[in-house]
Number of protein chains: 2
Amino acid sequence: MAQFDVDAMEIVWVTYKEMEEVDHLAHERTKAQFDVDAMKIIWAGSRHAFELSDRISRLVASDPAFRKDNRTMLGRKELFKNTLRKTAHVWKQIIELHLSEEEASRLRFYVDEPAFTDLHWGMFIPAIKGQGTDDQQKKWLPLAYKMQIIGCYAQTELGHGSNVQGLETTATFDPETDEFIIHSPTLTSSKWWPGGLGKISTHAVVYARLITDGRDHGVHGFIVQLRSLDDHSSLPGITVGDIGMKFGNGAYNTMDNGVLRFDHVRIPRDQMLMRVSQVTREGKYRQSDVPRQLVYGTMVYVRQTIVSDASCALSRAVCIATRYSAVRRQFGSQNGGQETQVIDYKTQQSRLFPLLASAYAFRFVGEWLKWLYTDVTQRLQANDFSTLPEAHACTAGLKSLTTTATADGIEECRKLCGGHGYLCSSGLPELFAVYVPACTYEGDNVVLLLQVARFLMKTVSQLGSAKQPVGTTAYMGRVEHLLKCRCDVQKAEDWLQPSVVMEAFEARAARMSVACAQNLSKFASPEEGFAELSADLVEAAVAHCQLIVVSK
Amino acid sequence: MAQFDVDAMEIVWVTYKEMEEVDHLAHERTKAQFDVDAMKIIWAGSRHAFELSDRISRLVASDPAFRKDNRTMLGRKELFKNTLRKTAHVWKQIIELHLSEEEASRLRFYVDEPAFTDLHWGMFIPAIKGQGTDDQQKKWLPLAYKMQIIGCYAQTELGHGSNVQGLETTATFDPETDEFIIHSPTLTSSKWWPGGLGKISTHAVVYARLITDGRDHGVHGFIVQLRSLDDHSSLPGITVGDIGMKFGNGAYNTMDNGVLRFDHVRIPRDQMLMRVSQVTREGKYRQSDVPRQLVYGTMVYVRQTIVSDASCALSRAVCIATRYSAVRRQFGSQNGGQETQVIDYKTQQSRLFPLLASAYAFRFVGEWLKWLYTDVTQRLQANDFSTLPEAHACTAGLKSLTTTATADGIEECRKLCGGHGYLCSSGLPELFAVYVPACTYEGDNVVLLLQVARFLMKTVSQLGSAKQPVGTTAYMGRVEHLLKCRCDVQKAEDWLQPSVVMEAFEARAARMSVACAQNLSKFASPEEGFAELSADLVEAAVAHCQLIVVSK
């Protein structure tokens, strides 16, 4: 292992060990004014969840195969091989210890290393389940479950991320041979980013423009084999590789994000995912009656998990920064006594405590989103699509708000640890680098806020009509009051009344949305106005999302 | 070299090469409404500076020994060896090409890799020059100039960074042997962070509490040999090593930041740096009449260079993000035409353009600081210390403001490049990771703002007295007007008048300072008030510093 002179590192380990010999937090811990054990249960969600997490975290911590301490100093190749070893060990542990799905998921959480398996289990298999016909599921899923094939999700291209409808890869039906020809017509059509693609995947769900009989039917999914199951070499017509280093030590460099180009690669017709749309033997394009809204249900689910993850990541950073702030002392020694704990400085508190509060707030809003997903799913099954736009806007906005706040918050926690936060041994640099992609994947955060803004503008335009605002936009129903009400806070303590805080957030959000709507109406075309005012619209969307977090 | 499968990377290089074949910016470049060549000269400072930079940058770019493209994927050991090779090559080039001091400095700038030589030339030698007697300089400087010894600057300890007066390492005079005994009495007294210490330095300027005859005379500097000049092994009583990985790929991991502990290490008395204070053969402590204020002159110099560096770092990030925004297109295609350049989106502009403006503003304020340093130096030489407090507060504040804005700005530029900003090939991840320590070294940014705030409170308290506020605080002389004036802007264009903008910044800064001073006066003790109001004081200091940037 390409370590940096193991002998010389010993002094550092000895130093850390000496530091660990005293519980520097013992005094702080005695001062808690709440029941710490009860809070652990609340944080975990239930006693069952807490005990399961506790058990699995100990399992990971005690297994040397899962060590993380050397991760940040490895060169890329060693790092990647290291991840492959861990991934295999996870698989072995799941089988040998007969872990349940829930336990396996926690195990992967604590192993805490992005890997191709995330995409295989989290995107490739769900794509086949969601978009494949029963026959397709019967053929492909057993292979995937046993990892006899390993798959990734090849959507994003070098030139297109947010604008999925602009993807350039083509899948042209050839009625002569009953095949699709998958092709990358331009440089920018190269698939770029898919995790698991660079080195590992044997198969991919590839998104490409479906072309039959000279007509472009837009973007559809296809199962394409990329590499030989015998010797793992790339198949004819396929150029595939790793796209290189990403931000940070360790972090996402354990993942083989890849590039992929097709040169007229032929696949059988039955490898188009045909649950929603079909191409017949004759090359006719047909759509089934499966409601397209179901896709939005999946988005609500994925974004709900991202909000929960935000809370986890932020709480880890806040935990490190809080402990450091209690242990670190600087200045303020009087008569030769101890210096002041930095947690007692107001400048430290004013930066740290709002992040601590946010970590809890995101935890609770994440729980509420789980409820929302259940509710939406039940309604969808009953063909009730009425709450879907509101639920979609709400999860899009919360995904954006919580991931931005978490990424910024982790970096702020790093700064709150002074110079020590710059060392990888603080845990913060890698936590930041591995977290920030959450601001981009599953919807760029600015693009998502613009979607929320569109929904808000629609809501404002319908005020006064028969269509009452529902759910998280219900406060808009009181827009007349909110536009003219004044905050009657007289003294600082008045802010401790939740109703005062709520009304302030509601009034702000309502006023910003209404102001945007009024300014929009001055433009000749709504699209021109939307483009011109987009910075204001984003601010209005943020105000709305902050209100949701405060209210949950 | 531990590269990640060179073959598979080829596809990526081919992709980048294909992208380079077209000048995607040609159209944008034709639209410049100013003289680009004239601007290059202004940015560089002079035609001479521009031509020198241009020549040296080409020298570095064309020399394969200075390649940077593999830096982010190397393991720590390879990376460090790589830096040693480059450092030796720089030294060889300087000698073989007979480079001037100015050219050598530019060469190091473009090689762009933190190394032990930064500390040897930038801290070790200046410390001996500034604090050593003539005899000490005569003995040590020739060795250092020829790099027959290599030195670092061992000030910061595990437990003390900002509070230099709290350092714990001791230097106890032993009159029996005419020696100092250098010792690390506690774990927290371990020297921690010095660059060049971990692996390379043979010597260090060590800061330790001087103790003679049982009395503690505070922190002083000592030259201490750490490693053998024969076999580079650490000397008896000295434990030394590297403190491990730091934030980011490449970045500061090319530097051997170190840990150092002393177990009763003896050095001759003449290795205490004795320009300002002396210890006699009998162990008597004496101070010379060299004014202590000279130290502040050096601080003004160092911080002035940090402000210039901020402008360089931010402009690199802004340049990458601006070019990306012009090339990248997403959404907005009409009738099958090209999509919209992302630089045309208001959401992109509202985040990018203020950073572009800041890069220029920091460039000009950096030039002004050079003038300030010259002015202060001339006054100091004439024993005029009157402008020193103002100059000190000004540089402290600008160091804090510009480094914070630059660190945040680089990360914002990275986000403005969407997913592509997360790839090391964008250059932004390493730029961020290598830049952020500037927020901590040479004065933690929050601690510096509190110093500015103290100076502002003193200035406010002296208003109305005979002592008129000078330099960057001159506006405080118009405090009565600024407290009651109202902004008479009627329409958006009014903001284009510089005087309107200036008065708005002045009024804000004055009001915040006066409000803090009034609130401070309500506390029984000023120190208690300062602690309690420190978050507000920091905000007032930021407002003052922003005014300085706007006014220069």
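The values are calculated or read from the model by the stated rules, or taken from the named source; none is laboratory data. The shown structure was predicted, so the numbers you read here are calculated from the model rather than taken from an experiment. Cβ: placed from backbone, ideal geometry, glycine included. Neighbour counts: every protein chain shown. To get the accessible areas, we keep the full protein, side chains included, count just its heavy atoms, and leave off ligands, DNA and RNA. Shrake-Rupley method; radii C 1.70, N 1.55, O 1.52, S 1.80 Å.
Some observations on this one:
- Among the conditions (1) in contact with a strand residue (DSSP E or B) (Cβ under 6 Å, 6 or more places away or on another chain); (2) within 23 Å of B:Lys199 (Cβ to Cβ); (3) at pLDDT below 95, the only one that B:Met73 does not satisfy is (1).
- The one condition from (1) open to solvent by less than 70 Å² (accessible area, probe 1.4 Å); (2) at pLDDT below 95; (3) in contact with a helix residue (DSSP H, G or I) (Cβ under 8 Å, 6 or more places away or on another chain) that A:His24 does not meet is (1).
- Residue in the stretch A:307-324 that is hydroxyl-bearing (Ser, Thr, Tyr), over 27 Å from the mean Cα position of the chain (by Cα) and open to solvent by less than 40 Å² (accessible area, probe 1.4 Å) present: no
- In this structure, B:Ser288 does not satisfy being among the hydroxyl-bearing types (Ser, Thr, Tyr) and either within 14 Å of another protein chain (Cβ to nearest Cβ) or in contact with a helix residue (DSSP H, G or I) (Cβ under 6 Å, 6 or more places away or on another chain) (or both).
- Matching residues, the stretch B:198-256, being hydrophobic (A, V, I, L, M, F, W, C) and more than 28 Å from B:Gly130 (Cβ to Cβ): B:Met245, B:Phe247, B:Ala251
- Counting residues in the stretch B:102-113 that are among the polar types (S, T, N, Q), open to solvent by 30 Å² or more (accessible area, probe 1.4 Å) and farther than 27 Å from B:His232 by Cα gives one or more.
- Answer residue from the stretch A:229-249, given it is more than 13 Å from every other protein chain (Cβ to nearest Cβ) and more than 13 Å from A:Ile150 (Cβ to Cβ) and is surrounded by the most Cβ atoms within 10 Å (Cβ to Cβ) among those: A:Gly237
- First in the stretch B:525-540 and away from chain A (no Cβ under 11 Å) and touching a residue at least 24 places away in the same chain (Cβ under 8 Å), second anywhere and surrounded by fewer than 18 Cβ atoms within 10 Å (Cβ to Cβ) and in a helix (DSSP H, G or I), Cβ under 8 Å, 6 or more apart: B:Ala540/B:Ala515
- Some residue of the stretch A:203-212 being touching a Leu at 6+ places or on another chain (Cβ under 7 Å), closer than 30 Å to B:Gly248 by Cα and of a type in the set (A, V, I, L, M, F, W, C): no
- Subset of the stretch A:182-205 (residues that are among the hydrophobic types (A, V, I, L, M, F, W, C) and either open to solvent by 30 Å² or more (accessible area, probe 1.4 Å) or in contact with a Gly (Cβ under 7 Å, 6 or more places away or on another chain) (or both)): A:Leu187, A:Trp193, A:Leu197, A:Ala204, A:Val205
- Annotation: of all residues in the stretch B:250-277 being charged (D, E, K, R) and open to solvent by less than 50 Å² (accessible area, probe 1.4 Å), the one that is farthest from B:Ile150 (Cα to Cα) is B:Arg261.
- Total residues in the stretch B:44-58, condition in contact (Cβ under 8 Å) with a residue 24 or more places away in the chain and either buried (at least 17 other Cβ atoms within 10 Å of the Cβ) or among the polar types (S, T, N, Q) (or both): 4
- Of the residues contained in the stretch A:258-265, one or more are found to be under 23 Å from the mean Cα position of the chain (by Cα) and within 14 Å of chain B (Cβ to nearest Cβ).
- In the set (1) more than 20 Å from B:Ala453 (Cα to Cα); (2) open to solvent by 30 Å² or more (accessible area, probe 1.4 Å); (3) more than 14 Å from chain A (Cβ to nearest Cβ), B:Val550 fails one condition alone, (1).
- Scanning the stretch B:192-201 finds no residues that are more than 14 Å from chain A (Cβ to nearest Cβ) and among the hydroxyl-bearing types (Ser, Thr, Tyr).
- The stretch B:66-101 - residue that is aromatic (Phe, Trp, Tyr) and surrounded by fewer than 21 Cβ atoms within 10 Å (Cβ to Cβ) and, of those, farthest from A:Arg76 (Cα to Cα): B:Trp91
- Exactly one residue among A:Thr347, A:Thr377, A:Thr406 is β-branched (Val, Ile, Thr), surrounded by fewer than 21 Cβ atoms within 10 Å (Cβ to Cβ) and away from every other protein chain (no Cβ under 11 Å), and that residue is A:Thr377.
- Helices (runs of 4 or more DSSP H) wholly inside the stretch B:472-546 that include at least 3 residues being open to solvent by less than 30 Å² (accessible area, probe 1.4 Å): B:498-520
- For B:Gln468: the one exception among (1) surrounded by fewer than 20 Cβ atoms within 10 Å (Cβ to Cβ); (2) out of contact with any helix residue (DSSP H, G or I) (no Cβ under 7 Å at 6 or more places or on another chain): (2)
- Among the residues of the stretch A:439-456, those identified as more than 9 Å from chain B (Cβ to nearest Cβ) and surrounded by fewer than 23 Cβ atoms within 10 Å (Cβ to Cβ) are A:Glu442, A:Gly443, A:Gln451, A:Arg454, A:Phe455.
- Of the residues making up the stretch A:427-438, those that are at the interface with chain B (Cβ under 9 Å from one of its Cβ atoms), within 14 Å of A:Arg316 (Cβ to Cβ) and not hydrophobic (A, V, I, L, M, F, W, C) are A:Pro429, A:Glu430.
- Filter pass, A:Thr395 being open to solvent by 40 Å² or more (accessible area, probe 1.4 Å) and either modelled with pLDDT of 95 or more or touching a Lys or Arg at 6+ places or on another chain (Cβ under 9 Å) (or both): no
- Any hit, the stretch B:141-164, residues being within 14 Å of another protein chain (Cβ to nearest Cβ), crowded, with 19+ Cβ neighbours inside 10 Å and touching a His at 6+ places or on another chain (Cβ under 8 Å): no
- Considering (1) of a type in the set (Ser, Thr, Tyr); (2) open to solvent by 80 Å² or more (accessible area, probe 1.4 Å); (3) modelled with pLDDT of 95 or more, the lone condition that A:Tyr301 does not fulfil carries the number (3).
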